[in-house]
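Taken together, the values in this text are just the output of simple stated rules run on the coordinates, not laboratory data. Every value quoted in this text rests on a predicted model; they were computed, and no experiment measured them. Note that each Cβ is placed from the backbone with ideal geometry, even for glycine, and that neighbours are counted across all protein chains shown.
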Amino acid sequence: MCIPHFRYFYMQEICEQYRGLTGRKVSFMILLVVLLSGVGLIALSQGASSVGLKDSFAALFEDSGVAHAIVWKLRLPRIVMAILVGCGLAIAGTVFQAILRNPLASPHTLGIGSSAGFGAVMAIVFGGGLYKEYLIAGNAFLFALLSSSLILGVAKLKRSTPETMILAGIAMMFFFSSLSSLFQYMGTMEEVHEIVFWFFGSLSKVGWKEISMASVMILLPIPLLLKWSWDFNLLAAGDESAKALGVNVTRIRMVGLVVASLITAGAICFTGVIGFIGLVSPHITRMVIGGDHRFLLPASALVGSVLVLTADTLGRTLWAPQVIPIGIVTSFIGVPFFFYLLMKRTREYW
Amino acid sequence: MELLVIMKRTLIVQVVILFLFCLSVPGKAITGQDNRMELIKVQDAQGTTLEVRLPVKKLVVLTSDALEIVRALKAEDLVVGINTGIVKDPLFWPRLKHRPAVGRWSEPNYELIAELNPDMVISYARHPGAEMEKKLMPLGIRVIRLDFYKIRTLEKEVKTLGRILKKEKEAKELTAWYQRKLSWVREKLKEVNDRPAVYVESYTGYHTTGPGSGGNEICVLAGGHNIASNFSIPYPQVTPEWVLANNPDVIIKATSLSNCYAMADPGPLRTTRHRIMARPAWDNIRAIKEGRVYVMAGDIWTGPRAIIGASYMAKWFYPDIFKAFDPKELHREYLERFQGIKYQGVYVYPSL
């Protein structure tokens, strides 16, 4: 008689605990959304011109004028692109870490960033004409795919362990970085300067056309990834267990790699190298809300967006009118924050 | 006994004297040769005083800027080694293109230099690094660092090179020409009060030129007010909004296109200008509204020909004052008189 009652009580407690944990996760995401909107508002109101927050809002609904141009053509594209890039890098990082079951995985450490970058640089240097944007994006994706399939191929050939993939990725990173450097070394002055701009990472050249292309590449695959979040969760238990629980491990690994490559290419091709975000955003999020991918994926996307937007806003206001390149700022704010969390954490998250 | 000792001593003294004499003979011969060689003291671009042994008969020139000055001083024949970039511009260097290349200006191949065994290597003040002296000095090769790309120090450096190459007369001719042209521009700009606000963009997009950069130097020389003149670094990155907020009257874009001398079609420069004019929201900038956006090739932007770039700028800033002046003719005069090649190529867009 006692046992069912006890069991019932036990279940209730578990359910409550679960609800409590979920509540924590949801409130973290709400907090991130609030934070992102706050930083967004600050970014909207800050700039070299005298257009402040009030004017910006007024200008949002105007049809013409300088304030309208500043808000609609300069500040908003920057903000939107920062959010997109941060979201893309963080999501890609989360997926890479899940499918390779490795905390070191990220678009850059896997060499996908370097190869997408090399593709973009190649299109920047050799491409031209009206469709240059498409060429850059397409080539970036092509090279991202090339290196990710190479990594997959190597892994398949030599039994697919996450370690081989990471090693192959690191090799890939060095290879494509060297190729880009070779371009720089052999290139004419003009090409070198285009490449330098790209390696600094910058949101200055971004317009709505680039944003629409990047958002297709970054946002469209996200629902698909969310759908797979249970599979990603099961992968964490190891390949054997995941297989036993009905996950097609090989398939999810392959499709995940392709989708994350597409997202990486979208995040990188128009803005250049913005390092570190893809690696730390998932870790930061995991330290706060744990490893359930249903929450981890959207939350780390938000963390990435907040980081990139904050970095860009700081980069263009701290030392105004001089701009500190965004790639530098992301490391400056990301690394100390990451270390703080690393020191403070009480249990193992990985 | 005592006599013997004295004799012995004398013998020793004699032997020693003889020995010393023998030693001194070749010694004297060396010093004699030294006297025939002249030692001069010069100051390089870093302000270091160096002793240089004259005459310099074999020269490796690592920078195209220095090579241009060497040619202007009519010392082309001394050049035994050049950088690999020279070979890519054969029309501009008709007589030097076949000299052996010793690598990139920033990373020469020291083995090749050693093989050519020159008396002297000319390079920029900062590139390559100090390792060049470490490698070449023990081989008896003098390294001299002269920039030739800043108008401020150009005359001094030309004179220094003139002394080193014993081409003082040619150096004087060139510096006199520079002085004449510069003071003419300065004289013309004396009465100007209302200086146009100028946004100068260097080779990389949205990177402007602050104090300490060559771009700022020629912009100020040409009578422009560089909107980045109060910055703290030479090549800062800026936001498009900052340019818009400062609403410049003129925009100058430097392009690092190479081979402008061999170029006949202004297409690439036109594309650069078109891209700048199409930047988002920039249609609100005065310079773009009035079409005062000018693209300038790197050849006349910094380097020995910066004065030609500055002349173009002066004409763009003050079209009325410089109505009768054609910078192209200045360029032609420089190329034909000092470089011994005919004028050709496309260097600016739109052309005047």
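Things to note:
- For A:A320 and B:R270, a Förster radius of 22 Å and the Cβ-Cβ distance give a FRET efficiency of 0.10, rounded to the nearest 0.05.
- Relative to the dominant Cα principal axis of chain B, helix B:306-317 is inclined by about 20°.
- Looking at chain B, the DSSP beta bridges with both ends there are about 35 percent antiparallel.
- Relative exposure of B:E51, B:E133, B:E115, judged by other C-beta atoms within 10 Å (fewest first): B:E51, B:E115, B:E133
- Of all the options A:L104, A:L152, A:L182, the one that moves most in a Gaussian network model of chain A with Cα springs shorter than 10 angstrom is A:L182.
- The relative contact order of the stretch B:38-172, computed from alpha carbon pairs under 8 Å that lie at least 6 residues apart in sequence, is 27 percent.
- Ratio of Rg to Rh for the stretch B:193-349: 0.95 [Cα atoms; Kirkwood radius as inverse mean 1/r over pairs].
- Expressed to the nearest 5 percent, the antiparallel share of DSSP beta bridges inside the protein assembly as shown is 35 percent.
- Build a GNM of chain A with springs between Cα atoms under 10 Å apart, and of A:H283, A:H193, A:H293 the one that fluctuates most is A:H193.
- Taking 4 °C and 1.567 mPa s as conditions, chain A diffuses translationally at an estimated 61 µm²/s according to Stokes-Einstein applied to its Kirkwood radius (Cα pairs).
- Straight-line cross-link reach from A:K243 at under 21 Å between alpha-carbon atoms covers these lysines, not counting any fewer than eight positions away in the same chain: A:K156, A:K158, A:K227.
- Over all pairs of different C-alpha atoms, the stretch A:274-313 has a mean inverse distance whose reciprocal, the Kirkwood radius, equals 10.1 Å.
- Fully extending the segment from A:R294 to A:V335, taken as 0.36 nm per residue of separation minus the present Cα-Cα distance, adds 12.2 nm.
- Once the chain from B:K323 to B:M277 is taken as fully extended at 0.36 nm per residue, the excess over their C-alpha distance is 14.0 nm.
- Proximal lysines to A:K73, defined as alpha-carbon separation beneath 19 angstrom and excluding residues fewer than eight positions away on the same chain: A:K54, A:K205, A:K209, B:K289
- Reduced Cα scattering model of chain B, Debye log10 I(q)/I(0), q = 0.06, 0.08, 0.09, 0.12 Å⁻¹: -0.30, -0.47, -0.57, -0.92
- Highest GNM mean-square fluctuation among A:F28, A:F232, A:F337, for chain A modelled with Cα contacts below 10 Å: A:F337.
- Principal-axis analysis of the Cα atoms of chain B puts helix B:151-164 at an angle of about 30° to the longest axis.
- Placing a label point 7 Å from the Cα of B:L39 along the Cα-to-Cβ direction, the residues of the stretch B:48-71 whose backbone N falls under 12 Å from that point are B:51-54.
- Value of D in µm² per second that Stokes-Einstein yields for the stretch A:287-350, Kirkwood Rh from Cα pairs, at 20 °C (1.002 mPa s): 162 µm²/s
- Computed log₁₀ I(q)/I(0) - Debye formula, equal Cα scatterers, no solvent, the protein assembly as shown, q 0.08, 0.09, 0.10 Å⁻¹: -0.76, -0.90, -1.03
- Full-stretch length increase - A:E13, A:V33 - with 0.36 nm per residue and alpha-carbon distance subtracted: 4.2 nm
- Point-to-point label distance, B:A114-B:S351, nm (Cα→Cβ direction, 7 Å offset): 5.0 nm
- For chain A, the membrane-span-like helix rule (DSSP H, alpha carbon extent of at least 20 Å along the helix axis, mean Kyte-Doolittle at least -0.5) picks out A:2-45, A:76-100, A:112-126, A:132-157, A:162-186, A:249-268, A:293-317, A:326-344; this says nothing about an actual membrane.
- In chain A, helical runs assigned H by DSSP with n ≥ 4 each contribute -39500 (n - 2.57); averaged across all residues and rounded to the nearest 500, the mean residue ellipticity at 222 nm is -25500 deg cm²/dmol.
- Candidate lysines - alpha carbon under 18 Å from B:K181, same-chain residues fewer than 8 apart omitted: B:K150, B:K156, B:K159, B:K172, B:K190, B:K315, B:K323, B:K328
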